[in-house]
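What follows is a set of notes on a single structure, which appears directly below.
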Amino acid sequence: ADVEGLSECRSCELVLAGSTTKLLGATSAEECLCPADYYRNGNTSTTCLPCPTGFTCAAGSDVANFQASRTSTQLEPWAYEPFTYPELEDGYYSDWGDPMKAYLCGVYLACPGG
């Protein structure tokens, strides 16, 4: 727990609805993350959302990590899989203006995902 002297663990549900931790014995609310097939829609989001059609969401996926992965050179010490974010599946593409909306590609091989 991130508060000293507690007799039991505090649930991640209090921080981020639908979340969990990667490992037992987490010591900080910052270790709460969305499970696989769900994602967090930025740092202010309080709920894990289902992964949208056309995307793959690994455990810990967060839209905020997309931009952070391109601008940061330092990893957080508690980040087990730093910069995990929803990734496009093969055969889909998205637009910079609305990156969480996937479109089916007219030519499958032209959209390798990722």
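Per-structure values
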{"quantity": "Net charge of Cβ neighbours under 15 Å - reference residue 112; Lys, Arg +1; Asp, Glu -1", "calculated": "-3"}
{"quantity": "Karplus-derived 3J(HN,Hα), 6.51/-1.76/1.60, for each residue of region 29-35, Hz, glycine and proline x", "calculated": "4, 5, 7, 6, 9, 6, x"}
{"quantity": "Packing-based ranking, highest mean first, of 31-38, 51-58 given that Cβ atoms within 10 Å are counted", "calculated": "31-38, 51-58"}
{"quantity": "Sequence of 23, 49, 16, 88 from largest to smallest accessible area, 1.4 Å probe", "calculated": "23, 49, 88, 16"}
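The values are calculated or read from the model by the stated rules, or taken from the named source; none is laboratory data. No experiment lies behind these values; they were computed from the predicted model shown. Note: ideal-geometry Cβ built from the backbone for every residue, glycine included; neighbour counts use all protein chains shown. Keep in mind that these areas ignore ligands, DNA and RNA; they rest on the heavy atoms of the full protein, side chains included. Shrake-Rupley method; radii C 1.70, N 1.55, O 1.52, S 1.80 Å.
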